[in-house]
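**Student:** Right, I'll just put the structure down here and ask away after.
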Amino acid sequence: MYVAASRSNSLSQEKRNDKQVATWLLTGVVMVIIQIALGGITRLTGSGLSITEWEVVTGTLPPLSESAWLFEFEKYKSTPQFKLLNSDFSLSDFKFIFFWEWFHRLWARILGLVFAVGFVYFLVTKKFRKPMVMPLVILFLLGGLQGFVGWIMVASGLVGDAVYVKPTRLALHFIFALGLLSYTFWFYLKLVTEPDRQTISKRIGNMLPVFIFILVVQLIYGALMAGHKAASAAPTWPDINGSVFSPAGLYKSDHGLLNLVDNRIMVHYVHRGLAYLLLFGGIWLTVLLVKKTKKGTSLYRARFLPAAILALQVLLGIFSVLTSTGIVPNQWGLFEWMAQLHQLTGMVLLLAFVYLLYLTKGGKKPPLTAV
């Protein structure tokens, strides 16, 4: 009886520890979503190049005096963006764009602190199980790498005649953030999802990685759309500047394979095509979930997620394209709202697919061994 009671107490303590770690990870998931949203606002307001240096510690506080603000403004005046695009900026204009880039970086610092402090606390108090430690170390390193990639992206817009960051580096920064988000969410699911809530479905389980791969490519093209300002290159729907299948400018002979990432019309064309592919695939997946999963299971309850979120995402994409004609530089309007909601829905869609994949292929919790 003593052994049974001891075992029961051990299991209860394990569940309490798992719940605390899961809460910490979920906090991280929410903070990463906010961070990506702030990145979207920073991009849409043209604020990303307002801070010209990467000061990890000293950059935590904004300028605190008028002379400090003027000093930062002078540094911004040396950038190609100011000289070629924003030469009419006043100090007040500069303060606005500086705030969003500073807040984006500040939130990243807070996010890193939350992960670091939580990791040390749970490690010292032995609330981790041994198999958790290395994946969480990798998680922390991914966060640091994401910050470094962010600076590489910003640096690409501070040289030559660049007035914005390179679209390919923006896409890299975005996809690293989504990888960090998905990794954290998957680990969270491992701690909160009971094995009996999972449904082993080989057919659906094999389909989901394909859907996720196509979605990741689509999200990369979404970032390329943003980097190239490609929505306004073809602000029509369902056609692309008068043609559905072969719009003018789709292929430039001097670009070659670079058409796929540097040609605004090609980027727009691929982004739309992948959206339709995902939408019809999501409807098909929903039909399979309805027909092939048992009532009462988590997978069955989530059966309408793919089609519902994809439909919303496609609608927001269409509205983003159609409202792009109303873009006013350095002003937040209807297009910016649509684009921001489009990006947020894309993140939700990715997490929904990760959740479905976990329900079919998530595997078991780590064993009981304590650190």
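**Student:** If I filter region 117-136 down to residues being aliphatic (A, V, I, L, M) and farther than 19 Å from Ala177 by Cβ, which single residue comes out as farthest from the chain's Cα centre (by Cα)? Full working, then the answer.
**Tutor:** Filtering region 117-136 down to residues aliphatic (A, V, I, L, M) leaves 117, 120, 123-124, 132-134, 136.
Next cut, farther than 19 Å from Ala177 by Cβ only: 117, 120, 123-124, 132-134.
Details: Val117: 23, Val120: 26, Leu123: 28, Val124: 31, Met132: 24, Val133: 24, Met134: 23 Å.
Looking at the filtered set, the residue picked out is Val124.
**Student:** Considering only region 155-192, state which residues are of a type in the set (A, V, I, L, M) and more than 23 Å from Val114 (Cβ to Cβ). So that I can check it myself, show each step before the final result.
**Tutor:** Our first condition is that a residue be of a type in the set (A, V, I, L, M); within region 155-192, this holds for 155, 158-159, 162-163, 165, 170-172, 175, 177-178, 180-181, 189, 191-192.
Listed by number, the residues that qualify are Ala155, Leu158, Val159, Ala162, Val163, Val165, Leu170, Ala171, Leu172.
**Student:** Across region 73-110, what is the number of residues that are acidic (Asp, Glu) and more than 12 Å from Thr52 (Cα to Cα)? Explain how you work it out, then say what you get.
**Tutor:** Restricting attention to region 73-110, the residues satisfying the condition of being acidic (Asp, Glu) are 74, 88, 93, 101.
Still in the list and also more than 12 Å from Thr52 (Cα to Cα): 88, 93.
Residues in region 73-110 being acidic (Asp, Glu) and more than 12 Å from Thr52 (Cα to Cα): 2 in total.
**Student:** Follow-up. If you take the residues of region 152-187 that are of a type in the set (A, V, I, L, M, F, W, C) and outside any helix (DSSP H, G or I), which of them is nearest to Glu53 (Cα to Cα)? Talk me through it step by step, then tell me what you get.
**Tutor:** Filtering region 152-187 for residues of a type in the set (A, V, I, L, M, F, W, C) gives 152-155, 158-159, 162-163, 165, 170-172, 174-178, 180-181, 185-187.
Filter once more, so that each one left must be outside any helix (DSSP H, G or I): 158-159, 162-163, 165.
Working: Leu158: 10, Val159: 13, Ala162: 16, Val163: 16, Val165: 14 Å.
Here the answer is Leu158.
**Student:** Now for a separate question. Would you say Leu111 is farther than 24 Å from Gln13 by Cβ and in contact with a helix residue (DSSP H, G or I) (Cβ under 6 Å, 6 or more places away or on another chain)? It would help to see each step written out before you state the result.
**Tutor:** On the way: farther than 24 Å from Gln13 by Cβ: yes; in contact with a helix residue (DSSP H, G or I) (Cβ under 6 Å, 6 or more places away or on another chain): yes.
Yes: the conditions hold for Leu111.
**Student:** Tell me, please, whether a residue that is surrounded by 13 or more Cβ atoms within 10 Å (Cβ to Cβ) and touching a His at 6+ places or on another chain (Cβ under 9 Å) can be found in region 191-200.
**Tutor:** Quick first cut of region 191-200, residues surrounded by 13 or more Cβ atoms within 10 Å (Cβ to Cβ) only: 191-193, 197-199.
With the extra rule that they be touching a His at 6+ places or on another chain (Cβ under 9 Å), the set shrinks to none.
No, that holds for no residue.
**Student:** Confirm whether Thr184 is in the same structural domain as Thr27 (by TED's automatic domain parsing), of a type in the set (Ser, Thr, Tyr) and surrounded by 21 or more Cβ atoms within 10 Å (Cβ to Cβ). Show your work before the answer.
**Tutor:** Values: in the same structural domain as Thr27 (by TED's automatic domain parsing): yes; of a type in the set (Ser, Thr, Tyr): yes; surrounded by 21 or more Cβ atoms within 10 Å (Cβ to Cβ): yes.
Yes, satisfied.
**Student:** Considering only region 291-361, give the helices (runs of 4 or more DSSP H) lying wholly within it that have at least 2 residues that are under 25 Å from Asp93 (Cα atoms). Don't jump to the end; show me each part of the working.
**Tutor:** Details: elements: 298-301, 305-323, 334-361.
It comes to 334-361.
**Student:** Here is a further query. Looking for whichever is surrounded by 15 or more Cβ atoms within 10 Å (Cβ to Cβ) and without any contact (Cβ under 8 Å) to a residue 24 or more places away in the chain here; the options are Phe82, Phe115, Phe71. Which one fits?
**Tutor:** Among Phe82, Phe115, Phe71, only Phe82 is surrounded by 15 or more Cβ atoms within 10 Å (Cβ to Cβ) and without any contact (Cβ under 8 Å) to a residue 24 or more places away in the chain.
**Student:** I'd like the full set of residues that are surrounded by 13 or more Cβ atoms within 10 Å (Cβ to Cβ), in a loop (DSSP other than H, G, I, E, B) and among the hydrophobic types (A, V, I, L, M, F, W, C), limited to region 238-271.
**Tutor:** Answer for region 238-271, where residues must be surrounded by 13 or more Cβ atoms within 10 Å (Cβ to Cβ), in a loop (DSSP other than H, G, I, E, B) and among the hydrophobic types (A, V, I, L, M, F, W, C): just Leu250.
**Student:** Consider Ser87 carefully, then state whether it is in a loop (DSSP other than H, G, I, E, B), crowded, with 19+ Cβ neighbours inside 10 Å, out of contact with any His (no Cβ under 7 Å at 6 or more places or on another chain) and of a type outside the set (A, V, I, L, M).
**Tutor:** Details: in a loop (DSSP other than H, G, I, E, B): yes; crowded, with 19+ Cβ neighbours inside 10 Å: no; out of contact with any His (no Cβ under 7 Å at 6 or more places or on another chain): yes; of a type outside the set (A, V, I, L, M): yes.
Judged against the criteria, Ser87 is not a match.
**Student:** Of all residues in region 186-218, which are modelled with pLDDT of 90 or more and among the hydroxyl-bearing types (Ser, Thr, Tyr)?
**Tutor:** Tyr188
**Student:** Something else: Can you report the number of residues in region 118-143 which are closer than 30 Å to Ser50 by Cα and surrounded by fewer than 12 Cβ atoms within 10 Å (Cβ to Cβ)? Give the steps one after another, and end with the answer.
**Tutor:** Applying the first criterion (closer than 30 Å to Ser50 by Cα) to region 118-143 yields 139-143.
Restricting the remaining residues to those that are surrounded by fewer than 12 Cβ atoms within 10 Å (Cβ to Cβ) gives 141.
Result for region 118-143: 1.
The values are calculated or read from the model by the stated rules, or taken from the named source; none is laboratory data. All figures in this text were calculated on a predicted structure; none of them were measured in a lab. Note: ideal-geometry Cβ built from the backbone for every residue, glycine included; neighbour counts use all protein chains shown.
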